[in-house]
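As structure tokens, the structure follows; a few thoughts come after it.
The values are calculated or read from the model by the stated rules, or taken from the named source; none is laboratory data. If you're wondering where the values come from, they're calculated on a predicted model, not measured in any experiment. Quick reminder, even Gly has a Cβ in these numbers, built from the backbone with ideal geometry, and neighbours come from all protein chains shown. The accessibility values were calculated without ligands, DNA or RNA, using every heavy atom of the protein model including side chains. Shrake-Rupley method; radii C 1.70, N 1.55, O 1.52, S 1.80 Å.
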Amino acid sequence: MTTTPEHTSAVPLRVLDHNDIFRDEVYQKQFEGKREFENAAPKEEVQRVLDWTRGWEYREKNFAREALTVNPAKACQPLGAVLAALGFEGTMPLVHGSQGCVAYFRSHFARHFKEPVPAASTSMTEDAAVFGGINNLVEAMENITALYKPKHIAVSTTCMAEVIGEDLFAYIGAAREQEAITQDFPVSYAHTPSFVGSHITGYDVMLKGILEMLAKSPDADASKVAKSDKVRLNVIPGFDTYIGNHREYKRILELMGVDPLILGDHSSSLDSPADGEYDLYPGGTPLAEGALAKFSRASLVLQESTLRRTAEYIEKDWKQETVLLETPLGVKGTDAFLTAVAKVAEVEVPAELTAERGRLVDAITDSHAYVHGKRVAIAGDPDLVIALTRFVLELGMIPVHIVSTNADTTFKARMEKVLSASKFGEEATVWPEKDLWHLRSLVFTEPVDLLIGSMQLKYISREANVPLVRVGFPIFDRHHLHRFPIIGYTGGLHLLTQLVNTILDEMDRNAPDHSFDAVR
Amino acid sequence: MTTTPAPERAETEAMIAEVLSQYPKKAAKFRAKHLKANDPEGSKECEVKSNIKSRPGVMTIRGCAYAGSKGVVWGPVKDMVTISHGPVGCGQYSWATRRNYAHGHLGVDNFTAMQITTDFQEKDIVFGGDPKLEQVCDEIVELFPLAKGISVQSECPIGLIGDDIEAVAKKSSKKLDIPVIPVRCEGFRGVSQSLGHHIANDAVRDHVLGTGGDSFEQTDYDVALIGDYNIGGDAWASRRILEEMGLRVIAQWSGDGTINEMASTHLSKLNLIHCYRSMNYICTTMEERFGTPWTEFNFFGPTKIISSMRKIAEFFDDEIKAKTEAAIARYQVRFDEITKAFRPRLEGKRVMLAVGGLRPRHTIGAYEDLGMEVVGTGYEFAHKDDYTRTYSMLKEGTVLYDDPTAFELEEFAKFLKPDLMGAGVKEKYVFHKMGIPFRQMHSWDYSGPYHGVDGFAVFARDMDIAINSPAWDLLEAPWSKAGEVA
């Protein structure tokens, strides 16, 4: 039989699941027999094509394609809009358009965060495609208010609504007129066509929409700013799926004697305790605080490509100083961040953070021999990829292939700047707008020692036998990585730990008996 | 019926009334038709309305027609390239998440766990996407020479901007000498995944059915396995039983399936359908066009597996019947071993379900085989004929919910306090917070198979893991308990 009975009080019967059961001879015979009906290509032919797809000729064909996209590392705008909305207190994201999109957004985030992801749809169907979805939006507002009692609704759009040209501003007005919501109920909105930009664009425009709404709300009153001897700084992490990062930004700024206000803080909304009660809105930037954000001394904008419109808005409309920084990964990235904070808030970097810096540097010196000279491929959102590249360069690693499907026009220049600052950056090739099928060709033709990116790289990792260090989004297949920070010195330590131990695991796995060392 | 409802039914009706009272008037009126206390007789007054639009804003658990076509029917066909035609999102979110297992090398002779898209940009919306689609088909053939066909899965914009994908498909089919199949499964069509299944079935009917069949010799025992998507290997576990009954499975629809199998299915002597909701259409078509009989079956849990095996064997000769009985005798030993191990740990446990179009009824028997009781169930995208098949399987008064909202599931769970909830990933973590054990019943929670004899062992084990995990004892902090006492 196909199981090994083993009775214990905790596991009454050993059961084999899909991982093992299909290795059984009965199944192997079944699979072989099925090929007759598949009219499958002969195995030798499959092998021939497989080998060909791994070569230079295929690489050139692959890079010559103009219209086809295969395994892109990007999603669409409203996904980002939902994340931006979840960063605010009591906020229900509402996406205007077809309902399937919202089912996808909720599943996608739930798989990554392992958390409930509230978001509603206006459920437009064929009739709404013809007549417009005004009634859908009004009824959605009414139902959401009754059932889910939010303090704020953040509306974005699917491509269906954008193609037929839905007017959110007018519809939200109609919802007030028809008393689906009260006249003063906070609603923000953003048009988020999925055929423009990517999820990071959607994050940006929704965040901007929310900040605009808050800045115009009655709470946005300078007299409501609490008297404090601390300088308040806005921190805008952007499309940052590491809830640990949000907490780390807060901790760092508090240590520096600064009063941090995270704009778009989903650290609690996407990391709530399991305690027997389900709380639909467990956190987020308080709306009243968000309304006062324009009175803060400055805004730290930590994803340049992602937050372009938000930064522009803050600078122009709030007339506030915006400090545009690379996401603070690693030693130099964090140094730059702390230096900028110290300057703008007129504070000193405390000894505690200097000690943390020292500990990260110490850890790097401990591990440097194993990471030095290791060739890596990096893929992901543009801001993250730039920050990661800078970090691996300071570890003495050699970035070889750098892919960002959703890179904008500034990406290449920013990347070159980072690469040219280190002799370890000389070999790197930068591939904006390329996808992970391109990356597959790159990795097979010019091999690397390590892949860094989302779980979507796991197919290349297995096929090319190159270990993957999971950083970014989405990560569906490993647990809890997003709960720890990757920014700051502490985050640097987490990243370094992941990198060096992946290399050591690989070394142990492949070591001949004599080199299977007890000490590394 | 004018008699006083049974106590359980009255309780259920009160629970439903309480939940409905929280809705605005209009939505309450609509939702009332979808929430019923069960009458096993299926009386008119207890009839659950279904396949109707979801109300805006209620947090439906439903998806769209594209999900039904690309995600369910076409995506698993492993030797065809599935194009998510339109913007990048739809294909991205449905990339490799359904777990329809398939053999073959990804990107060489298996294209299931890939995201292949025309990635529409603004210019494609403004000027139309037909030229891009044509070019994409050309490039697919260049890069994936072993692909046996292409299906074009339309996303919302396609139907709104007036693209003629049928013309492109026809032209490309001819030019490239492989089937290029246009599918009009735009997400705004219909009310759920269900119309997408239907549209996908129709596309198979119009472009694939009856076009193949010369690749193998026929026998009298040829059957097709329809409506099994091989989630976690389900179809393989089911096929094992059919083969051990002496039957020959000539096609799998569509888990680990191929276009050749679909094209040859008209040669089947009997079509066996597991997921009735998503593939009854093609069975009816084959019956009409080729006279192929079809029968529903259920390979979840011993009781249903055994009765289904006998039902299927009835279509064949004594040799098959004898083999079937011999197989049942062998399986019974295994079933006894599994239930002996797990039933004592699961006996009396109460289950709530909210799944797609089949499992809310098809898994009831498997739970009952383990001594468990389904105390509430409902479908995401069922039709009337699904509910008709459900009423008699449940006790009087069991709550039935069609297209349940997040609010309803949470409220019903608070009332019913189930020991286990079975639904999807969107629901999962809500119930974890509430301390209610949960299993994803779409993806088998990354486990499986659940079909067949081998699948029942995994099913039983997984329900045990969920319900009897020591994690559930940790929810309350000792000091908050102390606080209550004080």
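Taking the simple approach of a point 7 Å from Cα along Cα-to-Cβ for both B:Glu41 and A:Phe63, what is their distance in nm?
Result for the modelled spin labels: 7.5 nm.
How do B:Leu394, B:Leu195 rank by accessible surface area computed with a 1.4 Å probe, from largest to smallest?
Values: B:Leu394 10, B:Leu195 60 Å².
Accessible-area ranking of B:Leu394, B:Leu195, largest first: B:Leu195, B:Leu394.
Once you sort the root eigenvalues of the Cα gyration tensor of region B:126-201 as a ≥ b ≥ c, which label holds: rounded (a/c under 1.5), prolate (a/b larger than b/c) or oblate (the other case)?
On the way: a/c = 2.41, a/b = 1.48, b/c = 1.63.
Because a/c hits 1.5 or more and a/b fails to exceed b/c, region B:126-201 counts as oblate.
Amide H to amide H, which residues 5 or more places from A:Ser268 or on other chains are under 5 Å from it, using H placed in the peptide plane?
Counting only residues 5 or more places away or on other chains, the set is A:Gly284.
Using only the Cα atoms, work out Rg/Rh for chain A, with Rh taken as the Kirkwood radius, to two decimals. Before the final figure, lay out the partial values.
Values: Rg = 25.2 Å, Rh = 25.2 Å.
Using Cα coordinates only, the ratio equals 1.00.
On a 0 to 90° scale, report how tilted helix A:351-371 is relative to the longest principal axis of chain A, with both axes built from alpha carbons and the result rounded to the nearest 10.
That helix lies at roughly 20 degrees to the long axis.
Using alpha carbon centroids, what distance separates region A:47-71 and region B:138-172, in Å?
If we compute the Cα centre of each part, the gap is 19 Å.
Per residue, how many Å² of accessible area does region B:63-189 show with a 1.4 Å probe? Mind dumping the intermediate values first?
Values: 3470 Å² over 127 residues.
The answer is 27 Å² per residue.
Please quote Rg/Rh for region B:1-80 to two decimal places, taking the Kirkwood radius as Rh and restricting both calculations to Cα atoms.
Numbers: Rg = 17.6 Å, Rh = 15.5 Å.
Checking Rg against Rh, the ratio lands at 1.14.
Putting +1 on Lys and Arg Cβ atoms and -1 on Asp and Glu Cβ atoms, find which of B:Tyr331, A:Leu94, A:Ile172 reaches farthest to the positive end of the dipole of the protein assembly as shown.
Checking the options against the dipole of the protein assembly as shown, the answer is A:Ile172.
Got a sec? What order do B:Lys44, A:Lys149, B:Lys25 fall in by accessible area at 1.4 Å, biggest, i.e. largest, first?
The residues order as B:Lys25, B:Lys44, A:Lys149, largest area first.
Once you sort the root eigenvalues of the Cα gyration tensor of region A:426-520 as a ≥ b ≥ c, which label holds: rounded (a/c under 1.5), prolate (a/b larger than b/c) or oblate (the other case)?
Working: a/c = 1.75, a/b = 1.13, b/c = 1.55.
Oblate, because a/c is 1.5 or more while a/b does not exceed b/c.
Tell me the per residue accessible area of region B:220-335 using a 1.4 Å probe; a whole number in Å² is fine.
Numbers: 3220 Å² over 116 residues.
Value for region B:220-335: 28 Å² per residue.
Net charge within 10 Å of A:Asp508 by Cβ-Cβ distance, Lys/Arg positive one each and Asp/Glu negative one each, not counting A:Asp508 itself?
On the way: positive: A:Arg509, A:Arg520; negative: A:Asp505, A:Glu506, A:Asp517.
Net charge around A:Asp508: -1.
Take the Cα pairs of the protein assembly as shown, get the Kirkwood Rh, then feed it into Stokes-Einstein at 20 °C and 1.002 mPa s and tell me D in µm²/s. Don't skip to the end; give the middle numbers.
Working: Rh = 29.7 Å.
Reported coefficient: 72 µm²/s.
Report A:Met507's accessible area, 1.4 Å probe, all protein chains in place, as a number in Å² to the nearest 10.
Spelled out: A:Met507, probe radius 1.4 Å, area about 70 Å².
For B:Lys170, give me every one of the lysines with a C-alpha distance below 29 angstrom, ignoring sequence neighbours fewer than eight places off in its own chain.
A:Lys61, B:Lys70, B:Lys78, B:Lys123, B:Lys132, B:Lys148
Give me the percent relative contact order of chain B, please, defined on Cα pairs under 8 angstrom at least 6 residues apart.
Values: 955 pairs, mean separation 90.0, N = 486.
Once divided by the residue count of chain B, the mean separation gives 19 percent.
Which of the residue pairs A:Lys208/B:Lys426; A:Lys434/A:Lys458; B:Lys340/B:Lys395 have a Cα-Cα distance greater than 23 Å in the structure shown? Don't skip to the end; give the middle numbers.
Numbers: A:Lys208/B:Lys426 27 Å; A:Lys434/A:Lys458 17 Å; B:Lys340/B:Lys395 25 Å.
Beyond 23 Å between Cα atoms: A:Lys208/B:Lys426; B:Lys340/B:Lys395.
When the helix-only estimate is applied to chain A (DSSP H runs of n ≥ 4, each -39,500 (n - 2.57), divided by the residue count), what is the mean residue ellipticity at 222 nm, nearest 500 deg cm²/dmol? Mind showing how you got there, number by number?
Values: 20 runs with 241 residues, N = 520.
Helix contribution divided over all residues of chain A: -14500 deg cm²/dmol.
Modelling each spin label as a point 7 Å along the Cα-to-Cβ direction, I'd like the A:Thr365/A:Val26 distance in nm, to one decimal.
Distance between the two pseudo-spin positions: 6.2 nm.
Can you pull the accessible area of A:Asp20 for me, 1.4 Å probe, Å² to the nearest 10?
It works out to around 70 Å².
Which of the trypsin sites (Lys or Arg not before Pro) found in region A:176-259 are in a DSSP loop and have at most 12 neighbouring Cβ atoms, other than their own, within 10 Å?
Details: sites: A:Arg176, A:Lys208, A:Lys216, A:Lys224, A:Lys227, A:Lys230, A:Arg232, A:Arg247, A:Lys250, A:Arg251; in loops: A:Lys227, A:Lys230.
When the trypsin sites (Lys or Arg not before Pro) of region A:176-259 are filtered for loop state and at most 12 Cβ neighbours within 10 Å, A:Lys227 remain.
Can you work out the Karplus-derived ³J(HN,Hα) for every residue in region B:381-398? Use 6.51 cos²θ - 1.76 cosθ + 1.60 with θ = phi - 60°, whole Hz, and x for glycine or proline.
Per residue, the Karplus-derived 3J(HN,Hα) values read 9, 6, 10, 3, 5, 6, 5, 4, 7, 9, 3, 6, 8, 10, 5, 4, x, 4 Hz.
Using a Förster radius of 51 Å, what is the FRET efficiency between B:Asp336 and A:Glu506 based on their Cβ-Cβ separation? Nearest 0.05, please.
On the way: r = 46 Å, r/R0 = 0.89.
Computed FRET efficiency for B:Asp336 and A:Glu506: 0.65.
Compute the long axis of helix B:276-290 from its Cα atoms, compare it with the longest principal axis of the Cα atoms of chain B, and write down the angle in degrees, 0 to 90, nearest 10.
Helix B:276-290 and the main axis of chain B meet at about 40 degrees.
Which of the residues in region A:167-202 lose at least 40 Å² of accessible area when you go from the chain alone to all protein chains together (probe 1.4 Å)?
Buried by 40 Å² or more upon assembly, which counts only protein chains, are A:Phe195.
Of all the accessible heavy-atom surface of region B:260-323, with the other protein chains kept in place and a 1.4 Å probe, what percent is carbon and sulfur?
On the way: 1130 of 2210 Å².
Roughly 51 percent of what the probe reaches on region B:260-323 is carbon or sulfur.
How much solvent-accessible surface does A:Trp437 expose, in Å² to the nearest 10, with a 1.4 Å probe and all protein chains in place?
Roll a 1.4 Å probe over it and A:Trp437 shows about 10 Å².
Ignoring ligands, DNA and RNA, how much accessible area is buried between chains A and B, both sides summed, with a 1.4 Å probe, to the nearest 100 Å²? Intermediate values should be presented prior to the final figure.
Working: alone 24920 and 20460 Å², together 36040 Å².
Buried surface at the A/B interface: approximately 9300 Å².
On a 0 to 90° scale, report how tilted helix A:488-510 is relative to the longest principal axis of chain A, with both axes built from alpha carbons and the result rounded to the nearest 10.
Helix A:488-510 sits roughly 20 degrees off the main axis of chain A.
Quick one: longest stretch of chain B between exposed loop GluC sites (Glu not before Pro), exposed meaning at most 13 other C-beta atoms within 10 Å and loop per DSSP? List each step's numbers first, then the result.
Working: sites that count: B:Glu41, B:Glu217, B:Glu314, B:Glu347, B:Glu476.
It works out to B:42-216.
Would you mind working out the magnitude of the charge dipole of the protein assembly as shown relative to its Cα centre, with +1 at each Lys and Arg C-beta and -1 at each Asp and Glu C-beta, to the nearest 20 Debye?
On the way: 110 positive and 140 negative charges, 147 e Å.
My answer is approximately 700 debye.
For region A:350-508, what does the relative contact order come out to in percent, with C-alpha contacts under 8 Å and a separation of six or more? Walk me through the intermediate numbers first.
Numbers: 231 pairs, mean separation 36.5, N = 159.
Dividing the mean separation by the residue count of region A:350-508 yields 23 percent.
Which residue, chosen from B:Gly162, B:His103, B:Val126, occupies the Cα position most advanced towards the positive end of the dipole of region B:63-189, where the dipole is computed from +1 (Lys, Arg) and -1 (Asp, Glu) charges on Cβ about the Cα centre?
B:His103
Give a residue-ordered list of calculated ³J(HN,Hα) values for region A:47-53 (Karplus: 6.51 cos²θ - 1.76 cosθ + 1.60, θ = phi - 60°; whole Hz; x for Gly, Pro).
Once θ is set to phi - 60°, the couplings for region A:47-53 become 5, 4, 5, 4, 4, 4, 5 Hz.
Apply the Karplus parameterisation 6.51 cos²θ - 1.76 cosθ + 1.60, with θ equal to phi minus 60°, to every residue of region A:89-99 and state each ³J(HN,Hα) to the nearest whole Hz, in sequence, with x for glycine and proline.
3, x, 9, 9, x, 10, 10, 8, x, 5, 7
For A:Ser228 and A:Lys412 in the same chain, what is the full-extension length gain: residue separation times 0.36 nm, less their Cα-Cα distance, in nm? Walk me through the numbers on the way to the answer.
Values: separation 184, 0.36 × 184 = 66.24 nm, distance 4.24 nm.
Fully extending the segment from A:Ser228 to A:Lys412 adds 62.0 nm.
With a 1.4 Å probe and all protein chains kept in place, how do A:Asp279, B:Asp138, A:Asp240 rank by accessible area, largest first?
On the way: A:Asp279 80, B:Asp138 50, A:Asp240 10 Å².
In descending accessible area the options line up as A:Asp279, B:Asp138, A:Asp240.
Using just the helices of chain B, give the 222 nm mean residue ellipticity in deg cm²/dmol: DSSP H runs with n ≥ 4 each add -39,500 (n - 2.57), and the total is spread over all residues, rounded to 500.
On the way: 20 runs with 213 residues, N = 486.
When only DSSP H runs of four or more count, the value is -13000 deg cm²/dmol.
A:Lys316: which aspartates and glutamates have alpha carbons under 14 Å from its alpha carbon, excluding same-chain residues fewer than 8 sequence positions away?
A:Glu212
Hey, with R₀ at 25 Å, roughly what FRET efficiency would B:Ala14 and A:Lys149 work out to, going by the Cβ-Cβ distance, to 0.05? Please report the intermediate quantities before stating the final value.
Values: r = 23 Å, r/R0 = 0.92.
The computed FRET efficiency comes out at 0.60.
Going Cα to Cα from B:Lys321, which lysines come in below 22 Å? Please leave out same-chain ones fewer than 8 positions away.
B:Lys321 reaches B:Lys269, B:Lys304, B:Lys311.
How much length is gained if the chain between A:Asp127 and A:Arg35 is pulled fully straight, taking 0.36 nm per residue apart and subtracting their Cα-Cα distance, in nm to one decimal?
Working: separation 92, 0.36 × 92 = 33.12 nm, distance 4.55 nm.
Net length gain for the segment: 28.6 nm.
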